[in-house]
């Protein structure tokens with residue numbers, strides 16, 4: 001994911017860079033700009049980013065001039081010390097506003113809000129696409145996850161299941177450890193491109209090789225019990241039940 005920072009105060013810019021790196025080190029900083037003029041020139045010459053952190057008041061003018069003249073449809077998180085600008089801020093693709101000095105938790109809350117709403121925004125044309133965004137089914141076999149200050153490379157197929165909960169995607173690995181991911185469940189499903197995985201409901205993607213039991217319930221409902229230590233159990237959604245049964249019969253897995 002590409003992020004553009006437009007901020008004319010160096011301490012605030014450095015703080016944002018630090019917060020972004022801490023939140024997800026795989027995010028790319030497309031540029032750090034400090035004026036209306038430079039921002040308009042940059043946006044004219046480059047494809048628009050996935051997200052912009054935008055200081056309301058810049059050294060050479062008001063940043064709303066950038067929004068009016070650049071024809072942007074990408075989401076914006078405003079940074080400001082001036083509450084009087086907020087009415088105008090919410091007339092554009094605004095995710096949130098952060099008052100300076102920016103607090104870490106406020107930043108994280110804004111990022112969670114952005115990730116939740118990201119699918120509702122028009123797609124951007126990227127000069128530098130992320131591996132996830134341009135992956136074709138099955139072309140990616142590994143995923144990078146953050147554990148504290150460390151990065152760990154995991155095999156996508158070494159998952160008992162993937163689940164979306166608490167506003168993030170969780171990978172339950174075959175060693176029974178759980179890893180939070182930045183990618184959405186839709187992105188993971190696309191990256192896998194694997195007959196061994198099936199989306200049994202909106203929140204859950206399971207591995208055929210780790211099904212411990214399938215239990216029938218009233219009204220033709222099915223529950224799937226996985227072979228992790230907790231014996232996690234998930235309900236197959238009604239609209240996916242027929243496809244799930246066909247997948248069980250026809251899945252070609254090892």
Counting only backbone N atoms under 14 Å from a point 7 Å out along Cα-to-Cβ of residue 57, the residues of segment 4-19 in range are 8-9
Hey, with R₀ at 22 Å, roughly what FRET efficiency would residue 227 and residue 168 work out to, going by the Cβ-Cβ distance, to 0.05?
0.40
Per residue, the convex hull enclosing the Cα atoms of segment 139-250 spans a volume in Å³ of 108
Rounded to whole Å, give me the distance from the Cα center of segment 10-64 to that of segment 168-230.
38
Once R0 is set to 25 Å, what does the formula 1/(1 + (r/R0)^6) return for the Cβ-Cβ distance between residue 112 and residue 202, expressed as a FRET efficiency to the nearest 0.05?
0.85
At a 10 Å Cβ-Cβ cut-off, how would you order 53, 19, fewest neighbours first?
19, 53
Go ahead and run the numbers for FRET between residue 40 and residue 177, Cβ-Cβ distance against an R0 of 35 Å, rounding to 0.05.
0.15
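Read the figures in this text as sums done on the coordinates, not as results from a lab. Only a predicted model underlies this, so the values are computations on that prediction, with no experimental measurement involved. Glycine also receives a Cβ, built like all others from the backbone with ideal geometry; neighbour counts cover every protein chain displayed.
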